[in-house]
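FYI, it's all coordinate maths here, none of it is from the lab. None of these values were measured; they are calculated from a predicted model. Methodologically, a virtual Cβ is constructed for each residue, glycine included, from the backbone with ideal geometry; neighbour enumeration extends over all protein chains shown.
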Amino acid sequence: MKHTSNVLGAYGTTIFEVMSQLAVQHQAINLGQGFPDQDGPEDIRAAAAKALLDGPNQYPSMMGIPELRQAVADHDRRFYGLDVDGPTNVLVTSGATEALAACILGLVNPGDEVVLFEPLYDCYLPIIQLAGGIPRFVRLDPPNWEIDPDKLRAAFSKRTKMILMNSPMNPTGKVFTREELELIAELTRQHDSYAICDEVYEHIVFGEREHIPLMTLPGMFERTARVASAGKTFSLTGWKIGYVTAPTEMTARIAKAHQFLTFTTAPDLQKAVAYGLNKEDGFYLDLKQSMQAKRDLLREGLRGIGFKTADCDGTYFINADISSVGFTGSDEEFCRLITTEAGVAAVPVSAFYQSEGARRNFARFCFCKRPEVLRAAIDKLQDFFARKG
Ligand code: PMP
Ligand code: GLN
């Protein structure tokens, strides 16, 4: 057989699939891959079921159904004061993953540079490479995940086509501050680049921290695409409904790639997500508060066992320093060991680093699970480390 794609040939199966399979094999509690263990609101699911039976179930417009495009525009105005026009500034996609692929493939030419923060979500780099783009990494390190402004400045050049960033950030749990966003905005404007902002965890932000879309900063709307996903906002990760908000011309360029990737997305799910986005503020507050309570529960449990944990201001994930419980092997060895021996799966943070010299002493634990499941996982880990002495 002839060779596969040079880009994809370098990649194995994603760490999420690998750890989920291992968890199933060993009947471990899966705190690896990020998905809630309870489906989102019943009224949203009922709206999807009704739309499926009522129809039509034929191809919707490639841009998305008008109700959902309008609901995204209304959502962006309600939460961020953005002046978004549904018919020209919104594109519906098959999940944030397809949205990101459409943004990258629609905008990047071979040889263009893309600035990225590391650790980075797994699909970014392969898609950039498929487009022929050249990554310029800016490393963030635990426990504070701070940006070194000089390193960020140095990553930009006249070849920079875009910065691709993720806030709230997977796997770090970092929520970018206004000061950090101001620096990113300044550099992006200075280099006349685009910004692609993966904001799928926009409503999962804790305490006093606030999610600020880069797009809301002066001069940024005209060069930014904001990507979000119903999967996270409505705890329906299997639905794969994403949406992009971008200025008119940029939306058209992104849509050119989208039309050849998936073209369109299930109409019944789109209708239900439009209904969901219009939910009252209380729904969004409950989501944030319940996720924060889950973070607190898992964080306290991990600390009780002796783990030092990195900062976590948002997302589904908290990172634990495995060296703080005396483990001297790699994070990958640790995650395999606790899956097979303690019955709890996690994901090694080094899987999110591509450049040399990644830290190998952090494991990512997912906390979007029922409290009793989190307690059972803590008990299992506690027993395991007590036995190990
Ligand atoms: N970006 C980030 C940071 C994610 O964590 C995820 C998956 N949870 C995605 C994008 C993909 O979202 P979707 O499932 O809507 O494709
Ligand atoms: N975003 C999820 C995570 O980080 C995984 C999604 C996937 O499996 N592709 O765990």
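Between T177 and L261, how high is the FRET efficiency from 1/(1 + (r/R0)^6) when r is the Cβ-Cβ distance and R₀ = 41 Å? Nearest 0.05. Please report the intermediate quantities before stating the final value.
On the way: r = 34 Å, r/R0 = 0.82.
Calculated transfer efficiency: 0.75.
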Three-way shape label, the stretch 182-281, alpha-carbon gyration tensor, a/c 1.5:
oblate
Modelling each spin label as a point 7 Å along the Cα-to-Cβ direction, I'd like the L52/I134 distance in nm, to one decimal.
4.8 nm
Please report the spacing between the Cα centers of the stretch 1-34 and the stretch 275-300 in Å, no decimals.
29 Å
Just to confirm the number: angle between the C-alpha axis of helix 267-277 and the first principal axis of the chain, 0 to 90 degrees, nearest 10?
80 degrees
Return the subset of K174/K308; K50/K256; K174/K288; K174/K294; K151/K240 for which the Cα-Cα distance in this structure is over 27 Å, preserving the input order.
K50/K256; K151/K240
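Take E98, E202, E280 and order them by how many other Cβ atoms sit within 10 Å, fewest up front. Don't skip to the answer; put the middle values down first.
Numbers: E98 22, E202 26, E280 7.
So the residues, fewest neighbours to most, are E280, E98, E202.
In percent, how large is the relative contact order of the chain, given Cα pairs closer than 8 Å and 6 or more residues apart?
Numbers: 787 pairs, mean separation 96.0, N = 389.
Relative contact order here is 25 percent.
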So L337 and E222, fully extended at 0.36 nm per residue minus their Cα-Cα distance, gain in nm 36.6 nm
Share, in percent, of DSSP beta bridges within the stretch 154-299 that are antiparallel, nearest 5
35 percent
Trypsin sites (Lys or Arg not before Pro) within the stretch 285-378, DSSP loop, no more than 16 other Cβ atoms inside 10 Å:
R359
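Can you check what the net charge comes to around A101, using other residues whose Cβ is under 15 Å from the Cβ of A101 (Lys, Arg +1; Asp, Glu -1)?
On the way: positive: K240, R253, K256; negative: E98, D122, D198.
Here the count lands on 0.
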per DSSP, antiparallel bridges as share of beta bridges in the chain, % nearest 5, sits at 50 percent
Taking Cα atoms, how many degrees apart are the long axis of helix 281-305 and the longest axis of the chain, rounded to 10 and kept between 0 and 90?
20 degrees
What list of ³J(HN,Hα) values in whole Hz, one per residue of the stretch 63-78 in order, does the Karplus curve 6.51 cos²θ - 1.76 cosθ + 1.60 (θ = phi - 60°) give from phi, with Gly and Pro shown as x?
7, x, 6, x, 4, 6, 4, 5, 5, 5, 4, 5, 4, 5, 6, 4
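Classify the stretch 1-114: rounded, prolate or oblate, from the alpha-carbon gyration tensor (a ≥ b ≥ c, eigenvalue square roots; a/c under 1.5 rounded; otherwise prolate if a/b is larger than b/c)? Intermediate results must be reported in sequence, preceding the final value.
On the way: a/c = 1.90, a/b = 1.22, b/c = 1.55.
Verdict is oblate for the stretch 1-114.
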Exposure-ranked with fewest Cβ neighbours within 10 Å first, L100, L53 stand as L53, L100
Residues with amide H under 5 Å of I241's amide H, sequence separation 5 or more or different chain, H placed in the peptide plane at 1.01 Å from N; which?
G95, A230, G231
Rounded to the nearest 5, what % of DSSP beta bridges with both residues in the stretch 61-182 are antiparallel?
10 percent
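What full-extension length gain, to one decimal in nm, is calculated for N109 and R303 as 0.36 nm per residue of separation minus the Cα-Cα distance?
On the way: separation 194, 0.36 × 194 = 69.84 nm, distance 4.65 nm.
Separation in residues times 0.36 nm, less the Cα-Cα distance, equals 65.2 nm.
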HN-Hα J in Hz across the stretch 351-359 - Karplus 6.51, -1.76, 1.60, θ = phi - 60°, x for Gly and Pro
5, 9, 10, 10, 7, 5, x, 5, 5
Helix-only estimate, please: 222 nm mean residue ellipticity of the chain, summing -39500 (n - 2.57) across DSSP H runs of length 4 or more and dividing by its residues, to the nearest 500.
-13000 deg cm²/dmol
Residues whose modelled amide H sits under 5 Å from the amide H of N30, counting only those 5 or more places away in sequence or on another chain, are A345
Excluding L261 itself, what net charge comes from residues whose Cβ is under 15 Å from its Cβ, given Lys and Arg +1 and Asp and Glu -1?
+2
Over what distance in Å are the Cα centres of the stretch 328-355 and the stretch 168-233 separated?
29 Å
Counting other C-beta atoms within 10 Å, which of E179, E113 has the fewest, and how do the rest follow?
E179, E113
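How would you classify the stretch 90-236 from its alpha-carbon gyration tensor, with a ≥ b ≥ c the square roots of the eigenvalues: rounded for a/c under 1.5, else prolate if a/b is greater than b/c, otherwise oblate? Don't skip to the end; give the middle numbers.
Working: a/c = 1.42, a/b = 1.10, b/c = 1.29.
Rounded shape, in that the Cα axes give a/c under 1.5.
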Counting only residues 5 or more apart in sequence or on a different chain, those whose built amide H sits under 5 Å from that of T224 are A195
Set Lys and Arg Cβ to +1 and Asp and Glu Cβ to -1, take the dipole of the stretch 273-389 about its Cα centre, and tell me which of V349, F327, C368 lies farthest positive.
F327
Want the number for R159 to E372: 0.36 nm per residue separation, take away the alpha-carbon distance, what's left?
71.6 nm
Output wanted: per-residue J couplings in Hz (rounded whole) for the stretch 2-15, from phi through Karplus 6.51 cos²θ - 1.76 cosθ + 1.60, θ = phi - 60°, x for Gly and Pro.
6, 5, 7, 4, 4, 5, 6, x, 7, 9, x, 6, 4, 4
